[in-house]
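Worksheet: one structure, shown below.
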Amino acid sequence: MTTQYKRFTRLIAKWPVDSNKGDRDLGKLIRDTVKRAFELSNSQDLNSEFCNQQYNSLNKLADNYYKKKYKRIRQSSATGLNTEECNIILSNEVLDYLKEENKSFFHKIFKKDLK
């Protein structure tokens, strides 16, 4: 179990954490999942084959294996935005703003009256 845990901690160090996304960040989710999995299991319950599969999959993603294997011709997405613009749109501030804009007209009026 300790060797598996050491491997996963080295892998976790490769994943950046984006503070703009809060609880929606993949790096944070991976850290929490690994922590929970190793806290709840003891060495007898640990399925080494499953751990190896998970580790290999996450390691390929962290090392950009698929990005290198399948080169992209264009650096834009289906929306036509580049990476930086997508990160801005997916930030918590923009999503909170969009949630506020999606509320009904009456909800906005009554909310202002209550303050």
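At-a-glance table
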{"read-out": "Surface accessible to a 1.4 Å probe, SER19 within the full protein complex, Å²", "value": "100"}
{"read-out": "Filter on LYS21/LYS60; LYS21/LYS68; LYS6/LYS35; LYS14/LYS68 - keep pairs with C-alpha separation over 19 Å", "value": "LYS21/LYS60; LYS21/LYS68"}
{"read-out": "Contour excess over end-to-end distance, with Cα ends at SER41 and LYS71 and 0.36 nm allotted per residue", "value": "6.9 nm"}
{"read-out": "Largest-first ordering by accessible area, 1.4 Å probe, given options ASP23, ASP96", "value": "ASP23, ASP96"}
{"read-out": "Hull volume in cubic angstrom per residue (convex hull over the Cα atoms of the range 1-71)", "value": "95"}
{"read-out": "Protein-only accessible surface order, largest first, of ILE88, ILE73, ILE30 at 1.4 Å", "value": "ILE73, ILE88, ILE30"}
{"read-out": "In the range 1-72, trypsin sites (Lys or Arg not before Pro) in a DSSP loop with at most 12 other beta-carbon atoms within 10 Å", "value": "LYS71, ARG72"}
{"read-out": "Added length on full extension, which subtracts the Cα-Cα distance from 0.36 nm per residue, SER19 to ASN102", "value": "27.4 nm"}
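The values are calculated or read from the model by the stated rules, or taken from the named source; none is laboratory data. Predicted model only: the values in this text are computed from it and were never measured. With ideal geometry, Cβ positions are generated from the backbone for all residues, glycine too; neighbour counts draw on all protein chains shown. Ligands, DNA and RNA are stripped out before the accessible areas are found, and what is left, the full protein with its side chains, is counted by its heavy atoms. Shrake-Rupley method; radii C 1.70, N 1.55, O 1.52, S 1.80 Å.
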